[in-house]
Structure formats: structure tokens, C-alpha cells
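S.K.: Take a look at the following structure, please.
The values are calculated or read from the model by the stated rules, or taken from the named source; none is laboratory data. None of these values were measured; they are calculated from a predicted model. All Cβ positions, even for glycine, are placed from backbone atoms using ideal geometry, and neighbour counts span all protein chains on display. Protein only, heavy atoms only, side chains kept; ligands, DNA and RNA dropped before computing areas. Shrake-Rupley method; radii C 1.70, N 1.55, O 1.52, S 1.80 Å.
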Amino acid sequence: MTTQEELPGASGTKRFLYVNRRAPYGTIYALESLEVVLIGAAFDQDVSLAFFDDGVYQIVKGQDTKGIGMKNFSPTYRALGDYEVTKLYVEKEALEERGLSPDDLMDITYEDEDDDWAEKPSIRIVSRSEMTEIMAAQDVILSF
Amino acid sequence: MPILHTVNKSPFEKSTFKSCLDHARPGDAVLLIEDGVYAATKGTAAAGLIAARNGDLALYALGADLAARGISEKSVIEGISVVDYGGFVDLVAEHDVSQAWL
Amino acid sequence: MAAYQMNGTTVEHDEEGYILELNAWSEELAKVIAEDEKIEMTDEHWEVVNFLRDYYEEYQIAPAVRVLIKQIKKSMGKEKGNNKYLYALFPYGPAKQACKIAGLPKPTGCV
Amino acid sequence: MKFGILINEGPYTHQASDSAYQFTKAALEKGHEIYRVFFYHDGVNNGTRLSVPPQDERNIQNNWTELAEQHDLDLVVCVAAAQRRGILDESEAKRAGKDADNIAPGFRISGLGQLIETGIESDRVVAFGD
């Protein structure tokens, strides 16, 4: 994977990476991080999301919060494509350490305007070393 | 582009420090602040983590946080440089990006 | 707390008219809120309100205006998916006014 | 160099706000510019003027207010996070129908866009939190 090519950082824009390392619900960080991403999407920057450590729990399928009386915000990740946030990097090792596989994650897709609105997956499974390269290619890293 | 990583968690309570080291590239800098400075002390169960990367990462600990926790500079692992807040500012300025491991 | 009155029942709303209990929403209530906003609900209004409710149901957020416009353009065509059309229907803004009538939470308007 | 500061925890429970304060002071002493200090998550609680810490402890909110006065700092509290946690200025209190406001002098309430802008406009962003 050629990170530098994938994250061009056109003139006047910065490469923003939102790092998600914490599980949802136990603390508010995941929810309020998502709020930053949704607002930030209006600024036309080059946005990527990284999920590793417990952050991978944010996007697992089948979340049902009825019993804890909290809002289930996991469906909102599926709206990210509408906000043109289409690069969600998920670390393979973080999944494996937690007994998860990519099949345990929600289907998060976007419609590619340049490809006749073809539906494409937003989630890109990367290795830990690829994740470190992705971090190194950013202008701003916000970690919640 | 080298990154400045800041870690503020004790390595005995959370795996944050280990995760930071696992994701740091050779040439990156790691600055231990707040409870993160406990990772800088000699002879702990976490010392091995540092030993494995001492040399290919630039390691720092914030002096004010060490002193507040009763850690003398003598007990700081060799290879870890002690900096003050001004040094923290310099490290941020010298690296293109800061990543806070919160 | 102020409230909408509807066939003898009351539904509380906040200072700006957003209902407090989202489950209290009904089409009847939407008409009452619209009346309060001086909007007469036509099929075109319902189309947008229902679109917003469906979007919220699926994604748990009210879309940002530009996202709303893009999505409406996709599902209902160019002549409806634009600022002018939506502001003609909801003069105080599709996000604010249409969300209120649709019984969705107030957009936090963080930008 | 232009720094942006992000504070994600409230005063007293976590060291985050203290660390950020010491860092900000040191950066100013070295002649750097602070583009903005943005308060998010529980960090918005740094912006209350109603805290009454014991006299022998530092007053974190006052520290920020004074530093802002001395250096014309832009202290911004995120409106969405603040609304959840009951940090209000006069107009927010009025709009929400609350009987009081509590924002401290030197702080202002604004949107999350201000954080993104901080990322765009600053040479470096430094985050403090838990």
C-alpha cells in the first residue's frame, strides 16, 4: 500500500487523521470523536480514520444499547460515506488480539462519484506496520 | 516524518505505553508525561519495553512529573532524557506532528 | 415548559420548538408544529420530512444540509436536490425547520 | 511557531488541564504564538466560573482566565460538549431557557468547527487528556 499516494494532501488542505483507540459506551470519547469527524467533514480536508486498540470495538456489528439506556450511535458510522469520509483504516492485529475478524465489523461503504456511484467499502484492513506509516503521513493527528 | 508521541498513562495500569511503542517508527520520539513517567524508572516490570526500543526511538521524560512523583533522576533509565516544559515545547516544535496517546 | 396542544394531549417542546420526547412524534403532531412555523404541509414538504425521518432511523443523525441536498438529489432528482427548492419549502432552513417538524433532535450546528 | 492546544478533561480529576497550562505558559515564554486553546469532552468544565477550590490549591479556571488576559488567548469551549455538561454563556442559557449561565471570563462558547480550524491554522496541535 502506498500511503503517500493515497493521501495526497492537495494544496491548501491538510491531512487529518482521527485515531480511535477506545471502546464505545464505557466512556464518551468514541461518540464525541465521531461528532468531530462529522463536523470536520465540512472543511474539505483530507480525512482518514484509524481504528486500533479498543477502537475496533466501535464498529463491530450487532450493537444493541436498549438495556443500558444509551443511544446506539453505531449506525452513524455508516453515514460517513455521505459526508465523504471514505477512508477507515482498521488494524488487523488489533482485531486478532480481540478475537475478531473483518466479518465482525459493520458494512461501511461509500458511493464513488468518480466511478458512476459504485458502492465501495470504506473499511480498509491494514497491518500494524501499515498503520504506523499512515500515522507518519499526516499533518494533524487527533486522538480521542 | 518523525512523530512526537506523548504518553501520560502508567504502564502498569494501561497498555497505552506498549501500544505507543508498537506503533512508533524508528526515529520517532516518545515523551513520558504525567503518570506516564512511571515507565521511565529503572528495575520495573515495564523496563523491558523500553530496553527493546532504547536506541531506535528518542525517549524523554518530563522532569516536573518525575519530581512530583518522587522519582529521582538517578533512577531514570539510561538513554531517557529528562526535559522541562520548555523542552516539551521544543520537542513539539521539532517534530512535524504530535500524537497524544490519551 | 411550553408545549404543543393536539386533540387534548400536550407534547412538551424546548424554547425553540423542538419536541423533548422524540417518541411522541406523529403526523398529526408534525402538522401542529408546521402550523406553529407558519408552514402549510404539502406533499413536497412531507417528502422532505419523511426523507429526514428515514435518514435518522437508519443512521441516528439528521444529515448536515449539504448531505441532505446531495441525498435528495440522488433519490428525487436535481430539481429537488438544491438549496433554492428546499429553502422555498422551509424558509428558515431545511436543517432547522424540517428537522423540527420531523420531530428530530435539534441539529447541534457546531460549525 | 503557531500552536493549537486541545484539552479533553476537566479540572482537578485529571492532570490534563494543569499540564496544558504549564505547556502553554512555556510556549509563550519561548515566543511561540498560541492560535487557540480548545476545550472538548469534559474539558469544557474548565470554563466554569463557579468553582470554589480551597485557598491552598491552584485555581485552574482563574489560571486560564489570567493567562488569557495577559496574552490575549482565545479560549474556546465546544458548544455541543458544553450543552451536555451544563456550561452555558448568557445567550446559550437564554436559548435553552435556563435560569443562569456560568461561563468564566476569557472563555467563549463556539462550535467544533473551531477545533478543525485550529488544526488547519496551527503549525502544531498538542492534545492533553486522559
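S.K.: Report, by residue number, each residue of the stretch C:54-84 that is among the β-branched types (Val, Ile, Thr) and at pLDDT below 90.
M.R.: Pass one, the stretch C:54-84, residues among the β-branched types (Val, Ile, Thr): C:61, C:65, C:67, C:69, C:72.
Of everything in the stretch C:54-84, just one residue is among the β-branched types (Val, Ile, Thr) and at pLDDT below 90, namely C:Val65.
S.K.: For the structure I just gave you, tell me whether D:Phe3 is closer than 17 Å to D:Asp123 by Cβ, in contact with an Asp or Glu (Cβ under 9 Å, 6 or more places away or on another chain) and aromatic (Phe, Trp, Tyr).
M.R.: On the way: closer than 17 Å to D:Asp123 by Cβ: yes; in contact with an Asp or Glu (Cβ under 9 Å, 6 or more places away or on another chain): yes; aromatic (Phe, Trp, Tyr): yes.
It is true that D:Phe3 is closer than 17 Å to D:Asp123 by Cβ, in contact with an Asp or Glu (Cβ under 9 Å, 6 or more places away or on another chain) and aromatic (Phe, Trp, Tyr).
S.K.: Assess whether A:Ser143 counts as being within 23 Å of C:Arg66 (Cα to Cα) and open to solvent by less than 30 Å² (accessible area, probe 1.4 Å). Steps first, please.
M.R.: Details: within 23 Å of C:Arg66 (Cα to Cα): no; open to solvent by less than 30 Å² (accessible area, probe 1.4 Å): yes.
Spelling it out, it is not the case that A:Ser143 is within 23 Å of C:Arg66 (Cα to Cα) and open to solvent by less than 30 Å² (accessible area, probe 1.4 Å).
S.K.: Related question: Kindly evaluate D:His32 against the criterion of being touching an Asp or Glu at 6+ places or on another chain (Cβ under 8 Å) and either free of Cβ contacts under 8 Å to residues at least 40 places away in the same chain or open to solvent by less than 70 Å² (accessible area, probe 1.4 Å) (or both). Reasoning before the result, please.
M.R.: Numbers: touching an Asp or Glu at 6+ places or on another chain (Cβ under 8 Å): no; either free of Cβ contacts under 8 Å to residues at least 40 places away in the same chain or open to solvent by less than 70 Å² (accessible area, probe 1.4 Å) (or both): yes.
Here the answer is no, as D:His32 does not meet what is asked.
S.K.: Can you confirm whether A:Thr27 is touching a strand residue (DSSP E or B) at 6+ places or on another chain (Cβ under 7 Å), assigned to a loop (DSSP other than H, G, I, E, B) and either of a type in the set (Ser, Thr, Tyr) or open to solvent by 10 Å² or more (accessible area, probe 1.4 Å) (or both)?
M.R.: Working: touching a strand residue (DSSP E or B) at 6+ places or on another chain (Cβ under 7 Å): no; assigned to a loop (DSSP other than H, G, I, E, B): yes; either of a type in the set (Ser, Thr, Tyr) or open to solvent by 10 Å² or more (accessible area, probe 1.4 Å) (or both): yes.
The answer is no for A:Thr27.
S.K.: Within the stretch A:92-103, identify whether any single residue is closer than 24 Å to A:Asp139 by Cβ, open to solvent by 20 Å² or more (accessible area, probe 1.4 Å) and at pLDDT 95 or above, and answer yes or no.
M.R.: For the stretch A:92-103, residues closer than 24 Å to A:Asp139 by Cβ, open to solvent by 20 Å² or more (accessible area, probe 1.4 Å) and at pLDDT 95 or above: absent.
S.K.: If a residue has to be acidic (Asp, Glu) and crowded, with 20+ Cβ neighbours inside 10 Å to count, how many in the stretch D:98-127 make the cut?
M.R.: 1
S.K.: Okay, next question. Could you tell me which of the residues D:Arg95, D:Arg84, D:Arg124 is touching a helix residue (DSSP H, G or I) at 6+ places or on another chain (Cβ under 9 Å) and either over 19 Å from D:Ser51 (Cβ atoms) or away from chain C (no Cβ under 14 Å) (or both)?
M.R.: On the way: D:Arg95 fails: touching a helix residue (DSSP H, G or I) at 6+ places or on another chain (Cβ under 9 Å); D:Arg84 fails: either over 19 Å from D:Ser51 (Cβ atoms) or away from chain C (no Cβ under 14 Å) (or both).
Of the residues listed, the single one that is touching a helix residue (DSSP H, G or I) at 6+ places or on another chain (Cβ under 9 Å) and either over 19 Å from D:Ser51 (Cβ atoms) or away from chain C (no Cβ under 14 Å) (or both) is D:Arg124.
S.K.: Now a separate question. Taking the residues in the stretch D:1-46 that are touching a Gly at 6+ places or on another chain (Cβ under 8 Å) and basic (Lys, Arg) as candidates, determine which candidate is nearest to the other protein chains (Cβ to nearest Cβ).
M.R.: Among them, the one singled out is D:Lys30.
S.K.: Next up: Could you please let me know if D:Asp130 is within 9 Å of another protein chain (Cβ to nearest Cβ), assigned to a loop (DSSP other than H, G, I, E, B) and either open to solvent by 40 Å² or more (accessible area, probe 1.4 Å) or farther than 23 Å from B:Ala93 by Cβ (or both)?
M.R.: Considered against the rule, which asks whether it is within 9 Å of another protein chain (Cβ to nearest Cβ), assigned to a loop (DSSP other than H, G, I, E, B) and either open to solvent by 40 Å² or more (accessible area, probe 1.4 Å) or farther than 23 Å from B:Ala93 by Cβ (or both), D:Asp130 comes out as yes.
S.K.: Residue by residue through the stretch A:90-144, note down the ones that are within 14 Å of chain D (Cβ to nearest Cβ) and touching a Ser or Thr at 6+ places or on another chain (Cβ under 6 Å).
M.R.: If the condition is that a residue be within 14 Å of chain D (Cβ to nearest Cβ) and touching a Ser or Thr at 6+ places or on another chain (Cβ under 6 Å), then A:Phe144 is the only one that fits.
S.K.: Tally the residues that are open to solvent by 10 Å² or more (accessible area, probe 1.4 Å), within 28 Å of B:Phe17 (Cα to Cα) and at the interface with chain D (Cβ under 10 Å from one of its Cβ atoms), restricting the search to the stretch A:32-66.
M.R.: Qualifying residue count for the region: 2.
S.K.: Still on this structure: Can you confirm whether B:Ile33 is open to solvent by less than 20 Å² (accessible area, probe 1.4 Å) and closer than 14 Å to B:Val83 by Cα?
M.R.: Working: open to solvent by less than 20 Å² (accessible area, probe 1.4 Å): yes; closer than 14 Å to B:Val83 by Cα: yes.
Against the criterion (open to solvent by less than 20 Å² (accessible area, probe 1.4 Å) and closer than 14 Å to B:Val83 by Cα), B:Ile33 qualifies.
S.K.: Among (1) buried (at least 20 other Cβ atoms within 10 Å of the Cβ); (2) modelled with pLDDT under 95, which single condition is B:Ser98 missing?
M.R.: (2)
S.K.: Please verify whether the stretch A:77-90 includes one or more residues that are loosely packed, with under 14 Cβ neighbours inside 10 Å and farther than 21 Å from A:Arg15 by Cα.
M.R.: First pass over the stretch A:77-90, keeping only residues loosely packed, with under 14 Cβ neighbours inside 10 Å: none.
Looking through the stretch A:77-90, none of the residues is loosely packed, with under 14 Cβ neighbours inside 10 Å and farther than 21 Å from A:Arg15 by Cα.
S.K.: So which of B:Asp84, B:Asp56 is open to solvent by 20 Å² or more (accessible area, probe 1.4 Å) and out of contact with any helix residue (DSSP H, G or I) (no Cβ under 7 Å at 6 or more places or on another chain)?
M.R.: Answer to the check: B:Asp56.
S.K.: Name the residue, out of D:Arg95, D:Arg58, that is surrounded by fewer than 19 Cβ atoms within 10 Å (Cβ to Cβ) and modelled with pLDDT under 95. Show your work before the answer.
M.R.: Numbers: D:Arg58 fails: modelled with pLDDT under 95.
Within the list D:Arg95, D:Arg58, the selection yields D:Arg95.
S.K.: I would also like to ask the following. With the condition kept exactly as written, say whether any residue in the stretch B:82-90 is closer than 27 Å to A:Asp53 by Cα and either touching a residue at least 24 places away in the same chain (Cβ under 8 Å) or not β-branched (Val, Ile, Thr) (or both). So that I can check it myself, show each step before the final result.
M.R.: Narrowing the stretch B:82-90 to residues closer than 27 Å to A:Asp53 by Cα: B:88.
With the extra rule that they be either touching a residue at least 24 places away in the same chain (Cβ under 8 Å) or not β-branched (Val, Ile, Thr) (or both), the set shrinks to B:88.
Scanning the stretch B:82-90, I find at least one residue that is closer than 27 Å to A:Asp53 by Cα and either touching a residue at least 24 places away in the same chain (Cβ under 8 Å) or not β-branched (Val, Ile, Thr) (or both), so the answer is yes.
S.K.: Got a sec? Which strands (runs of 3 or more DSSP E) wholly within chain B have at least 2 residues that are away from chain D (no Cβ under 13 Å)?
M.R.: Working: elements: B:3-7, B:29-32, B:58-62, B:80-83, B:97-101.
Qualifying strands (runs of 3 or more DSSP E): B:29-32, B:58-62, B:80-83.
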